[in-house]
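Here the structure comes first, spelled out in structure tokens, and everything after it is commentary.
The values are calculated or read from the model by the stated rules, or taken from the named source; none is laboratory data. Source: prediction; values computed, not measured. With ideal geometry, Cβ positions are generated from the backbone for all residues, glycine too; neighbour counts draw on all protein chains shown.
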Amino acid sequence: MIYLDEKLPTHPKIFKAGAMLGPDGPAQALALFVAGIGYAREHLTDGYLPDGFVSSCGLVQTPQSVAKALASRSVRLWHRRRGGYQIHDFEDWNRKASQVKEKREKERQRKASWRARGNGHERGESRGVSRGDVLRDSRARGTTNHDPLSGTRVLRTVPDRYVQTAADASVLTFPRKRITHRVLCAMVTAELHEPDYGSLVEAVKLRIAHQGFAYPTGEQIESAIEAVSQAQERRRAGGRR
């Protein structure tokens, strides 16, 4: 996930770089600058962008020219380095690669520890998840209608537009309900039982989307993960007494 200042599209340096590129210069400068942040965050380069990234970027027609404009003395959103560029003040706004790797390792160990204890596996479900916490699976709802020609009552199965599945989440006709801290904690706990496919945060985000809840903030997710972790520690402490 990329975090950007809302003032970035109208930042004077973006327009300075754009003035060197032509009529659509500001849009090109903004596009390559944001793409650079995305690349650095994805590949954990601490803001370093190799020349290969610039030359292969398909967002702008002349990426080398845009890169030079971003790294020009009057702009300095990028700095020229051997074999590439460095994003200005990248580490002031983004976590260092070492911090991200450390956090991922802690998440991996936390999930491995949780699975090793076997919590919630007896019934194949996580603890603390109630039926009211999540939306139901999609099912067809049966209705009985009177047929005036035959004089009989016919059972017809019609879909309930208020029942949701992950696959059909985008076609719902009512606003997604907001997710509570309790539900978030339940989803974090449930995700800890799943195979480790990477970041716990990203796995929880996917579960939220599949359940059809309104998307929470990153702080809400982090708070839920911390609450679950603290609850685990309290249970372990109680077990040692």
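Restricting to region 77-107, count the residues that are touching a His at 6+ places or on another chain (Cβ under 6 Å) and under 16 Å from Gln28 (Cα atoms).
Qualifying residue count, region 77-107: 1.
I'm trying to understand the selection: among the residues of region 14-33, which are loosely packed, with under 15 Cβ neighbours inside 10 Å and either within 19 Å of Glu91 (Cα to Cα) or in contact with a strand residue (DSSP E or B) (Cβ under 6 Å, 6 or more places away or on another chain) (or both)?
Within region 14-33, no residue meets the criteria.
Consider Gly36 against the criteria (1) at pLDDT 95 or above; (2) among the small types (Gly, Ala, Ser); (3) farther than 29 Å from Ile221 by Cβ: it satisfies all of them except one. Which criterion is unmet?
Unmet for Gly36, out of (1) at pLDDT 95 or above; (2) among the small types (Gly, Ala, Ser); (3) farther than 29 Å from Ile221 by Cβ: (3).
Yes or no: region 81-92 includes at least one residue that is in contact with a helix residue (DSSP H, G or I) (Cβ under 7 Å, 6 or more places away or on another chain) and among the hydroxyl-bearing types (Ser, Thr, Tyr).
Looking through region 81-92, at least one residue is in contact with a helix residue (DSSP H, G or I) (Cβ under 7 Å, 6 or more places away or on another chain) and among the hydroxyl-bearing types (Ser, Thr, Tyr).
Of the numbered conditions (1) modelled with pLDDT under 95; (2) surrounded by 15 or more Cβ atoms within 10 Å (Cβ to Cβ); (3) out of contact with any Gly (no Cβ under 8 Å at 6 or more places or on another chain), Glu105 fails exactly one; give the number of that condition.
Result: Glu105 fails condition (2) only.
With the requirement that a residue be touching a Gly at 6+ places or on another chain (Cβ under 6 Å) and of a type in the set (A, V, I, L, M, F, W, C), what does region 85-102 give you?
Within region 85-102, Ile87, Phe90 qualify.
Can you tell me which residues in region 54-90 are β-branched (Val, Ile, Thr) and under 16 Å from Lys16 (Cβ atoms)? Lay out the reasoning, then the answer.
Our first condition is that a residue be β-branched (Val, Ile, Thr); within region 54-90, this holds for 54, 60, 62, 66, 75, 87.
The answer is Val66, Val75.
Please go through (1) part of a helix (DSSP H, G or I); (2) at pLDDT 60 or above for Ser170 and return the number of the only condition it doesn't satisfy.
Ser170 satisfies every listed condition except (2).
Just to confirm my filter: which helices (runs of 4 or more DSSP H) fall fully inside region 1-80 and include at least 1 residues that are closer than 30 Å to Ala203 by Cα and touching a residue at least 24 places away in the same chain (Cβ under 8 Å)? First the steps, then the outcome.
Values: elements: 12-19, 25-43, 51-56, 63-70.
Passing ranges, in order: 25-43, 51-56.
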